[in-house]
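Just below is one structure, and these are the notes that go with it.
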Amino acid sequence: MNDIRNVIIIGSGPAGFTAALYTARANLHPLLIAGNLDPTTSRIKGGQLMYTSDIENFPAGIQPPNLSAYPSDEETEEAIANVHGLSGPDLMKRMELQARHFGAEMIEEFVESVDLCSSPGKVYTIVTADGKEYQTRALIIATGASSKRLGIAAEERFFGQDGGLSTCATCDGANFARAGATVAVVGGGDSAMEEASYLSRLDGIPKVYLIHRREEFRSSKIMLKRAQENPKIEFVLHATVEDLKGKPHPSAETVRFFKDKEVLAAAVLKDTRDGSTRELPLGGIFIAIGHTPNSEPFKNQLKMDEAGYIEHDGRMRALPSMNCASAEMRALEHVPGVFVAGDVSDHIYRQAITAAGMGCQAAIEAERYLAETLIADSGLSADAVGLSDETIAQSHWSSEREEGEKMIVERIAEAEECVAAEN
Ligand code: NAP
């Protein structure tokens, strides 16, 4: 049997690594179950950002400009002109290194199942695809979401900004604009309207097609109207994408890496009414047909919305599912020690920075939960061990942060000694 861990984090996107960083710095020795680098799975280690080339909207996530601490105006202007975002894999590697530097342990495995219902508030058991078992007092679920794909064979050939097929206009749109590409968005929901509107605002993009398989839309009326009235957006209705055609990569002759690579040249559309097909020339295509939260192992254990996003109580604490077999679990206001962060619980913002923020919140809540549990287990009051609610909370924003954390850890150790002495 494995040791019982203080905290296990499942997921290695911005939410997971941020939770790992915070819990590691709080000396909780977290274990992060990261997935691995198998590109055929949507649960790849590093998460959705592993499919994104340039990230330009993660604060401070830029190539370091060569700036002195007190630069002149000219130096600052030059640095501004030379700002470049990091690639998705680069950003994720940095997050991993930072979390591991502070003591987070990481394993490259996939989680197969999690038992939350058997003993809520005690020890949770996690089983990986290799059949290994891990036990933990606190669990942070940061398993993310996967973009839905069209399911056509050509999709994988063009996936990624270099190929021309993307699932994130906010992440990749600017590169298509720089290439002056005509692009299309597939879908008829709010995501598709939002992506099309966003792309239309990019100067370099001359035209945006919105391809949808019928003439009714799931999107809100206001977002639909905005897209319909946008002169740069042309709706192509009753159409599905059957195939994608490519042409040699522009650098195929000069750069060895691109020798056999193709870039998107056109989409083959099928008319859903009469089955006829036609080619639509395109430099980029964005698939915006929804996301699936990676919440499968928690079904019938945690409360989810209709689409499977895990709900929390505003403090990242997961809520019990009314389908849970255990009556004890169903009666709880929230599931003790189980926290959720990032895209698995967020269908609105879905940004790396919001996921990272939620990872931080979940970590602080987990830390607090462990301290409180320990005190409760000792049978002493928080006051008796000098660890009040306020003290726990304040240590996180104290200017003497390290001292605050050290104090908590020491007090917990003292509390443990108290428990041992009492037994
Ligand atoms: P969605 O509402 O489920 O819409 C998905 C769209 O993709 C539908 O139009 C669907 O067509 C189409 N689709 C699904 N599978 C397809 C396939 N294989 N081939 C072609 N088309 C396919 O998903 P969403 O737009 O991502 O929105 C999800 C949730 O997030 C919604 O609640 C939405 O309101 C919210 N959201 C809000 C905002 C905002 O308020 N700013 C922005 C984005 C998302 P059919 O209609 O024919 O099924």
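The values are calculated or read from the model by the stated rules, or taken from the named source; none is laboratory data. Since this is a predicted model, take the numbers as computed values, not measurements. Cβ placement follows ideal geometry from the backbone for every residue including glycine, while neighbour counts extend to all protein chains displayed.
Scanning segment 182-208 for residues that are near the ligand (Cβ under 8 Å from one of its atoms), surrounded by fewer than 24 Cβ atoms within 10 Å (Cβ to Cβ) and part of a helix (DSSP H, G or I) returns ASP190, GLU194.
Table: residues versus (1) under 30 Å from GLU195 (Cα atoms); (2) at pLDDT 90 or above; (3) surrounded by 21 or more Cβ atoms within 10 Å (Cβ to Cβ).
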site	(1), (2), (3)
PHE339	no, yes, yes
TYR349	yes, yes, no
ILE353	yes, yes, no
MET358	yes, yes, yes
ALA363	no, yes, yes
GLY386	no, no, no
SER398	no, no, no
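When THR240, THR254, THR170 are screened for being hydroxyl-bearing (Ser, Thr, Tyr) and surrounded by fewer than 16 Cβ atoms within 10 Å (Cβ to Cβ), only THR254 passes. Say whether the condition of being small (Gly, Ala, Ser) and touching a Gly at 6+ places or on another chain (Cβ under 9 Å) is met by at least one residue in segment 97-109. Yes, because at least one residue in segment 97-109 is small (Gly, Ala, Ser) and touching a Gly at 6+ places or on another chain (Cβ under 9 Å).
Here's the yes/no breakdown for (1) in a strand (DSSP E or B); (2) at pLDDT 90 or above; (3) within 11 Å of the ligand (Cβ to nearest atom); (4) not small (Gly, Ala, Ser):
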{"position": "ILE152", "(1), (2), (3), (4)": "no, yes, yes, yes"}
{"position": "ASN175", "(1), (2), (3), (4)": "no, no, no, yes"}
{"position": "GLY180", "(1), (2), (3), (4)": "no, yes, no, no"}
{"position": "LEU210", "(1), (2), (3), (4)": "yes, yes, yes, yes"}
{"position": "ARG213", "(1), (2), (3), (4)": "no, yes, yes, yes"}
{"position": "VAL241", "(1), (2), (3), (4)": "yes, yes, yes, yes"}
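Within the option set ALA327, ALA331, ALA363, being of a type in the set (Gly, Ala, Ser) and touching a residue at least 12 places away in the same chain (Cβ under 8 Å) holds for one residue only, ALA363. Residue pairs whose Cβ atoms lie under 9 Å apart, sitting 6 or more positions apart in sequence or on different chains, and linking a residue in segment 201-213 that is without any contact (Cβ under 8 Å) to a residue 12 or more places away in the chain to a partner that is more than 16 Å from the ligand (Cβ to nearest atom), are ARG201/LYS232. In the condition set (1) touching a helix residue (DSSP H, G or I) at 6+ places or on another chain (Cβ under 9 Å); (2) in the same structural domain as LYS232 (by TED's automatic domain parsing), ILE140 is compliant with all but (2).
Inspect all residues belonging to segment 297-314 and state whether any of them is modelled with pLDDT of 95 or more, surrounded by fewer than 13 Cβ atoms within 10 Å (Cβ to Cβ), in contact with a strand residue (DSSP E or B) (Cβ under 8 Å, 6 or more places away or on another chain) and not charged (D, E, K, R). The answer is no; no qualifying residue exists. Here is a check on your reading of the model: is SER219 polar (S, T, N, Q), modelled with pLDDT under 95 and in a strand (DSSP E or B)? Taking the combined requirement at face value, the residue does not satisfy it. Considering every residue within segment 353-361, establish whether at least one is of a type in the set (S, T, N, Q), in the same structural domain as ILE140 (by TED's automatic domain parsing) and closer than 23 Å to THR128 by Cβ. No, there is no match, as no residue in segment 353-361 is of a type in the set (S, T, N, Q), in the same structural domain as ILE140 (by TED's automatic domain parsing) and closer than 23 Å to THR128 by Cβ. Take the conditions (1) in a helix (DSSP H, G or I); (2) over 30 Å from ARG157 (Cα atoms); ALA15 misses just one of them, which is (2). Applying the condition of being part of a loop (DSSP other than H, G, I, E, B) and within 16 Å of the ligand (Cβ to nearest atom) to segment 154-167 and asking which residue is surrounded by the fewest Cβ atoms within 10 Å (Cβ to Cβ) yields ALA154. Restricted to segment 365-380, and to residues there that are at pLDDT below 85 and assigned to a helix (DSSP H, G or I), the residue that is farthest from ALA142 (Cα to Cα) is SER378. The set of residues in segment 14-39 that are at pLDDT 95 or above, touching a Lys or Arg at 6+ places or on another chain (Cβ under 9 Å) and under 18 Å from PRO297 (Cβ atoms) comprises LEU31, LEU32, ALA34.
When ARG330 is tested against the conditions (1) surrounded by fewer than 14 Cβ atoms within 10 Å (Cβ to Cβ); (2) charged (D, E, K, R); (3) more than 30 Å from PRO250 (Cα to Cα); (4) more than 16 Å from the ligand (Cβ to nearest atom), the lone failure is (1).
Only one entry in SER68, SER72, SER113 is surrounded by fewer than 17 Cβ atoms within 10 Å (Cβ to Cβ) and assigned by TED's automatic domain parsing to the domain that holds VAL338, namely SER113. None of LEU86, LEU32 is of a type outside the set (Lys, Arg), touching a helix residue (DSSP H, G or I) at 6+ places or on another chain (Cβ under 8 Å) and touching a residue at least 60 places away in the same chain (Cβ under 8 Å) except LEU32.
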